[in-house]
Amino acid sequence: MKFLNRLRKFPFLAWLWFLLGALYFVLPLLATFEFSLSWDPAVPFKAYQRAFEDVRFWRSFIASNVFAVITIIACIILVVPTAYWIRLRLPQARRIVEFITLMPFVVPAIILVFGLIRVYSTPFTIPFTNIVFMQALTQFKAGTNILIVAGYMVLAMPYMYRSVDTGMRTVDILTLTEAAQSLGASWFVIITRVILPNIRSALLSGALLTFAIVVGEVILASFLGVNAFGPYLFLLGQHRAYEPAALSFVSFLLTWIAMGMIQLVTGGQNQTAGGH
Amino acid sequence: MSYLSISNVTKQFGDTVVVDNFNLEIGKGEFVSFLGPSGCGKTTTLRMVAGFENPTSGKILLDGADITDKAPNQRNVGMIFQSYALFPNMTVAQNIGFGLKVRKEADAVVKQRVSEMISLINLEAHANKYPYQLSGGQQQRVSLARALAIRPQVLLLDEPLSALDAKIRVSLRSEIRSIQKSLGITAIFVTHDQEEALSISDRIVVMNAGEMEQVGTPFEIYNFPKTRFVANFVGSLNTADAEVVDTAKGLVSVDGVQFTSAEGTKGRNKGDKVKVAIRPERFSFATQQHKDNVVDAIIENITFLGSVVRIQIKIGNTSFNMDTFNNPFLELPKIGSKQQVTCSKEAVLVLDE
Ligand SMILES: Nc1ncnc2c1ncn2[C@@H]1O[C@H](COP(=O)(O)OP(=O)(O)OP(=O)(O)O)[C@@H](O)[C@H]1O
Ligand SMILES: [Mg+2]
């Protein structure tokens with residue numbers, strides 16, 4: 001009897017959908033993993049060995065990670081004060097900004113990169129003269145790096161803005177700001193000691209999404225001629241069979257580890273956000 | 001000498017005047033309540049004192065200094081919010097110490113003051129808990145301690161008890177009052193609950209639609225309301241249409257039944273249409289000793305309200321409420337029976353229509 005009762009309460013349908021969804025994500029991953037092991041049955045991790053031996057892998061992977069970190073920092077510096085100010089003082093601008101953050105979804109990356117190249121491939125002159133005060137950004141390495149980070153920021157902005165904005169909605173940012181102000185806090189103190197700590201989980205998820213976008217990005221990097229991980233993986237995929245599978249699997253694992261870490265770090269935070 | 005002076009303060013949002021020519025002098029250590037219905041401008045006035053809104057015109061002086069245009073973080077004013085507004089990422093002790101840390105007080109001073117404050121609000125056992133681990137009442141006490149820790153010149157409380165349940169509300173309001181008295185701190189308390197305002201204030205400002213209706217002690221506000229709005233809003237009140245009968249004797253008539261009013265009908269003429277207002281608790285059943293305002297009434301209905309019994313009576317064609325204290329030996333008249341009821345001359349207020 002008891003067993004039957006429990007059986008009746010068991011949410012079969014929910015679990016069925018969950019299993020189907022899980023299969024949808026896990027099967028391709030398993031297939032990739034299986035394939036990456038099948039190069040040489042005698043040396044099961046041969047594909048991984050080969051991939052990690054390649055200097056170009058390390059160079060591009062590290063470069064992409066550095067780009068990701070810089071993009072995340074720049075994005076946070078740009079997005080947090082913006083989202084904060086809009087919630088605080090310009091709620092009527094919310095719609096406009098939300099529309100702007102949708103642009104990267106509408107405008108393909110290829111258009112973005114051609115636009116960047118067109119605008120920044122000519123030197124900057126002081127208006128109405130021929131005096132050049134800056135070389136064209138596409139002409140030197142640091143310039144290209146600036147361009148690519150700027151491009152990544154555009155691509156990452158929707159994710160960053162939306163997670164930060166949602167994070168600010170869950171804590172009552174307006175009242176907390178006023179409470180801090182009446183206690184004598186300056187804007188800097190309010191942002192660093194009150195706002196940022198309370199949107200930590202939102203920042204982390206925004207940062208993770210940004211990271212995933214930057215490390216996997218192909219179009220911007222190849223057209224700007226930057227040796228990033230995306231183009232490397234793409235090239236590798238055209239010439240090799242097993243190493244790309246191994247590397248894809250590794251990047252998947254990395255992402256999952258990062259997600260697990262966010263769950264760990266923010267697990268205690270979710271409760272504090274509610275207030276009561 | 002007033003300590004906080006709000007003079008001729010007006011606040012407009014766009015074209016709507018939300019606070020209209022507000023004038024108030026508050027003495028040091030005084031506890032003043034702003035009382036009024038929703039949307040009458042209480043919060044806006046309080047926020048102008050805190051610095052979160054700028055007056056459209058007028059001046060605010062605190063201890064002689066003009067603070068009208070000072071930023072909120074330069075004012076040394078403590079603020080308590082209805083939603084507690086504790087920092088979720090900080091413990092009770094860190095919340096209370098926040099204002100002192102911001103002021104760059106020495107660690108020893110912060111520690112000392114925080115522990116003083118924690119014992120003031122009796123939360124010693126909870127110093128290292130986070131806000132979400134506390135009940136609403138405890139959170140609001142932390143918020144009180146946090147505001148008091150910086151030794152503010154004025155404490156502003158915006159409906160601090162509204163989110164709490166009835167029992168806690170009553171106990172916390174007397175706790176707030178006793179802490180305020182013992183520290184001698186000047187306080188403004190915003191509420192739309194008249195009982196709250198009456199029970200804890202030195203003075204009450206009754207507001208209506210952006211204007212001050214009356215300023216006075218709870219006793220004055222309750223017993224001598226100056227306007228019909230105040231009479232109606234504070235306490236419950238019977239009002240009835242009436243006509244002036246005799247200006248010399250202060251006689252008015254309600255549906256032909258005559259009442260004498262102690263304050264008289266000065267400045268009015270015989271035959272003027274007025275309103276009479278009588279509080280329910282001022283009515284009682286008449287005995288032989290009663291001479292003034294003894295009138296016939298029909299008992300229409302009887303309702304138990306706990307400590308009070310509310311009896312609905314009909315005088316002439318008008319219904320009135322009459323309150324008497326409940327006790328087990330109370331002999332209540334039958335519904336539909338005819339009784340003589342009375343009220344003193346002082347209880348009859350004559351108001352403009
Ligand atoms: N920032 C604002 N912009 C426009 N109108 C506002 C603004 N803040 C308040 N008001 C208006 O001012 C009026 C008074 O608001 P206020 O918050 O002072 O009322 P209140 O007396 O505190 O009411 P409640 O008891 O509901 O809190 C309201 O009609 C409100 O709509
Ligand atoms: Mg209000």
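Remark: the protein assembly as shown carries a charge dipole of roughly 1380 debye about the Cα centre, counting +1 on each Lys and Arg Cβ and -1 on each Asp and Glu Cβ. When chain A is treated as a Gaussian network with alpha carbon springs shorter than 10 Å, the biggest mean-square fluctuation among A:Val218, A:Val154, A:Val107 belongs to A:Val107. Comparing B:Gly267, B:Gly316, B:Gly27 in a Gaussian network model of chain B (Cα springs below 10 Å), the most mobile by mean-square fluctuation is B:Gly267. A Förster radius of 60 Å combined with the Cβ-Cβ distance from B:Lys167 to A:Ile131 puts the calculated FRET efficiency at roughly 0.20. Among the trypsin sites (Lys or Arg not before Pro) within region B:187-295, those in coil by DSSP and having at most 16 neighbouring Cβ atoms inside 10 Å are B:Lys226, B:Lys249, B:Lys266, B:Arg268, B:Lys270, B:Lys291. If you take the Cα centroid of region B:291-319 and the Cα centroid of region B:101-125, the two points sit 56 Å apart.
Taking label positions 7 Å along the Cα-Cβ direction at both A:Arg50 and A:Arg240, the computed distance is 0.7 nm, reported to one decimal.
Please report, as a whole percent, how much of the solvent-accessible surface of region B:2-232 comes from carbon and sulfur atoms (probe radius 1.4 Å). Intermediate results must be reported in sequence, preceding the final value.
On the way: 4430 of 9300 Å².
Carbon and sulfur: 48 percent of the exposed surface of region B:2-232.
Which is the longest run of chain A containing none of the chymotrypsin sites (Phe, Trp or Tyr not before Pro) found in DSSP loop states (not H, G, I, E, B) with at most 16 other C-beta atoms within 10 Å?
A:141-276
When shorter helices are ignored and each DSSP H run of at least 4 residues is given -39500 (n - 2.57), the per-residue value for chain B at 222 nm works out to -7000 deg cm²/dmol.
Expressed as an acute angle from 0 to 90° and rounded to the nearest 10, what is the orientation of the C-alpha long axis of helix B:107-120 relative to the principal long axis of chain B? Once rounded, one gets 30 degrees. Top mean-square fluctuation among B:Glu196, B:Glu281, B:Glu331, Gaussian network model of chain B, C-alpha springs under 10 Å? In the Gaussian network model the winner is B:Glu331. What do you get for trypsin sites (Lys or Arg not before Pro) in region A:33-109 restricted to DSSP loop and a cutoff of at most 10 other Cβ within 10 Å of the site's Cβ? In loop regions of region A:33-109 (DSSP not H, G, I, E or B), the sparsely surrounded trypsin sites (Lys or Arg not before Pro) are A:Arg89. Note on region A:56-265: with charges restricted to the Cβ of Lys and Arg (+1) and Asp and Glu (-1), its dipole about the Cα centre is near 100 debye.
With 0.36 nm allotted per residue and the present C-alpha distance subtracted, the B:Gln133-B:Asn23 stretch has 35.4 nm of extension available. Taking only protein heavy atoms and a 1.4 Å probe, the accessible area of region B:244-312 is 48% carbon and sulfur.
Between B:Phe219 and B:Ser174, how high is the FRET efficiency from 1/(1 + (r/R0)^6) when r is the Cβ-Cβ distance and R₀ = 25 Å? Nearest 0.05.
According to the calculation, E is roughly 0.85.
If R0 is taken as 56 Å, the Cβ-Cβ distance between A:Trp187 and B:Lys291 corresponds to a FRET efficiency of 0.20. Using the structure shown, list the pairs from B:Lys249/B:Lys291; B:Lys226/B:Lys275; B:Lys129/B:Lys167; B:Lys11/B:Lys42; B:Lys59/B:Lys181 with a Cα-Cα distance above 18 Å, or answer none. Check vs 18 Å cut-off fails for B:Lys129/B:Lys167; B:Lys59/B:Lys181. Expressed as a whole percentage, what fraction of the accessible surface of chain A belongs to carbon and sulfur atoms when a 1.4 Å probe is rolled over the protein heavy atoms? Roughly 72 percent, rounded to a whole number.
Just the accessible area per residue of the protein assembly as shown, please: how many Å² with a 1.4 Å probe?
Heavy-atom SASA per residue in the protein assembly as shown reads 52 Å².
What shape does chain A take by its C-alpha gyration tensor, where a ≥ b ≥ c are the square roots of the eigenvalues and a/c under 1.5 counts as rounded, a/b above b/c as prolate, and the rest as oblate? It comes out oblate by the Cα gyration axes.
Between B:Ala262 and B:Lys111, the simple spin-label model (points 7 angstrom out along Cα→Cβ) gives 6.2 nm. Kindly identify region B:25-176 as rounded, prolate or oblate by the Cα gyration tensor criterion: order the square roots of the eigenvalues as a ≥ b ≥ c, call it rounded if a/c is under 1.5, otherwise compare a/b with b/c, prolate if a/b is larger, else oblate. The shape class here is oblate. Taking every DSSP bridge with both residues inside chain B, close to 75 percent are antiparallel.
Only one residue of A:Leu253, A:Met153, A:Ile199 has its Cα farthest out toward the positive end of the dipole of region A:56-265, where Lys and Arg carry +1 and Asp and Glu -1 on Cβ, and that residue is A:Met153.
For region A:1-156, the gyration tensor built on C-alpha atoms gives an oblate shape. Its axis ratio a/c (a ≥ b ≥ c) is at least 1.5, and a/b is not larger than b/c. Write down the percent of antiparallel bridges among all DSSP beta bridges whose residues are both part of the protein assembly as shown, to the nearest 5. Percent antiparallel among DSSP bridges in the protein assembly as shown is about 75.
Need one number: buried accessible surface between chains A and B, 1.4 Å probe, both sides summed, DNA, RNA and ligands left out, in Å² to 100. Summed over both sides, the interface buries about 2100 Å². Taken about its Cα centre, region B:1-122 carries a charge dipole of roughly 340 debye when the Cβ of each Lys and Arg holds +1 and the Cβ of each Asp and Glu holds -1.
Residues of region A:156-186 whose accessible area (probe 1.4 Å, heavy atoms of protein chains only) drops by at least 20 Å² once all protein chains are present, relative to their chain alone: A:Thr175, A:Leu176, A:Glu178, A:Ala179, A:Gln181, A:Ser182, A:Leu183, A:Gly184, A:Ala185.
The values are calculated or read from the model by the stated rules, or taken from the named source; none is laboratory data. Values in this document were obtained by computation on a predicted structure and should not be read as measured data. Reconstructed Cβ throughout: ideal geometry from the backbone, glycine too, with neighbour counts over all protein chains shown. In case anyone asks, the SASA skips ligands and DNA or RNA and just uses the protein heavy atoms, side chains included. Shrake-Rupley method; radii C 1.70, N 1.55, O 1.52, S 1.80 Å.
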